[in-house]
Amino acid sequence: MLAHELIDRSEAIQEPYKIKKYALAAAVNFLIVEREKLRNSIHTSMTAEQAREQSENIAILKREISTLKHKAKRL
């Protein structure tokens, strides 16, 4: 699923950072950009199934962003 691939990429983005809070911020920013790209790609020519899947991906990314923000606040 696309959302899980993006979450994996966000984890890879965190690796070079020495400070965990900066790593989480980088991952959050990446996921926000990708979520907006998904939102903007939903269009009327999609089938109902494609639109539903896209909406599910957006919801998964939204939850992951929320989780990462919460982790960053606890640091």
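The values are calculated or read from the model by the stated rules, or taken from the named source; none is laboratory data. Note that the coordinates shown come from a computational prediction; the quantities given were computed from them, not determined experimentally. Heads up, the Cβs are rebuilt from the backbone with ideal geometry, glycines too, and the neighbour counts pull from every protein chain shown. In case anyone asks, the SASA skips ligands and DNA or RNA and just uses the protein heavy atoms, side chains included. Shrake-Rupley method; radii C 1.70, N 1.55, O 1.52, S 1.80 Å.
Give L61, L2 a once-over and let me know the one that is touching a residue at least 40 places away in the same chain (Cβ under 8 Å) and under 9 Å from the mean Cα position of the chain (by Cα).
Result of the check over L61, L2: L61.
So for segment 53-65 (the condition being open to solvent by 90 Å² or more (accessible area, probe 1.4 Å), at pLDDT 95 or above and in a helix (DSSP H, G or I)), does at least one residue qualify?
Yes, there is a match, as at least one residue in segment 53-65 is open to solvent by 90 Å² or more (accessible area, probe 1.4 Å), at pLDDT 95 or above and in a helix (DSSP H, G or I).
Filter segment 26-50 down to residues that are open to solvent by less than 30 Å² (accessible area, probe 1.4 Å) and over 16 Å from the mean Cα position of the chain (by Cα), then give me how many there are.
0
Give the residues of segment 5-24 that are touching a residue at least 40 places away in the same chain (Cβ under 8 Å) and over 14 Å from E64 (Cβ atoms), sorted by residue number.
Matches in segment 5-24: K20, K21.
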